[in-house]
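The structure under discussion appears below in the form of structure tokens.
The values are calculated or read from the model by the stated rules, or taken from the named source; none is laboratory data. Please read all numbers here as calculations on a predicted model, not as lab measurements. Positions of Cβ are backbone-derived with ideal geometry, glycine not excepted, and every protein chain shown enters the neighbour counts. In case anyone asks, the SASA skips ligands and DNA or RNA and just uses the protein heavy atoms, side chains included. Shrake-Rupley method; radii C 1.70, N 1.55, O 1.52, S 1.80 Å.
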Amino acid sequence: GKARQFSEDGLYSVDLVVSPDGRYVGARGPDFTFFLYPTVGGTPKPVPGVDSEVRPVGWSADGKALIAFQRGQLPAKLYRIEFETGERVAYRDLAPTDCTGVDGLTRVYMTPDESALVFSYPQLLSDLYVIDGLT
């Protein structure tokens, strides 16, 4: 169909998640508040419990919650955040096999049925040299 705008300008595209039925898009508005935007138009609803350090991963398979992780932690703590109440329930921990030089995860993606996750992270490694005998 023809593309049409369902929100104000200025949404952050990095944190977009679409509901399983396609009726809502979860996204950060211009003020960085996370909202559920109805795709048929209407007033967006803020999602309690999703602050600026929480990164959405995907919609829960049952459509009642957001799966998200807290940035800056390793292992990264994934949570299920209920849309209605903002209740945050521990979901899973994620970390690379070797955490050497890793400060945290940058992105996490999940299949719609919640059966698989994939993540990315920066890793900074360096060498230290010791030189003896210099005068």
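A few points about this structure:
- Residue in segment 21-38 that is under 15 Å from the mean Cα position of the chain (by Cα), in contact (Cβ under 8 Å) with a residue 40 or more places away in the chain and either within 18 Å of residue 87 (Cβ to Cβ) or open to solvent by less than 70 Å² (accessible area, probe 1.4 Å) (or both) present: yes
- No other residue among 76, 116, 95, 90 is among the aliphatic types (A, V, I, L, M), open to solvent by 50 Å² or more (accessible area, probe 1.4 Å) and over 30 Å from residue 5 (Cα atoms) apart from 90.
- If you go through segment 58-73 and keep only what is closer than 21 Å to residue 113 by Cα, open to solvent by 20 Å² or more (accessible area, probe 1.4 Å) and small (Gly, Ala, Ser), you end up with 61, 63.
- Filtered residue count, segment 1-52, keeping only those that are closer than 21 Å to residue 114 by Cα and among the β-branched types (Val, Ile, Thr): 6
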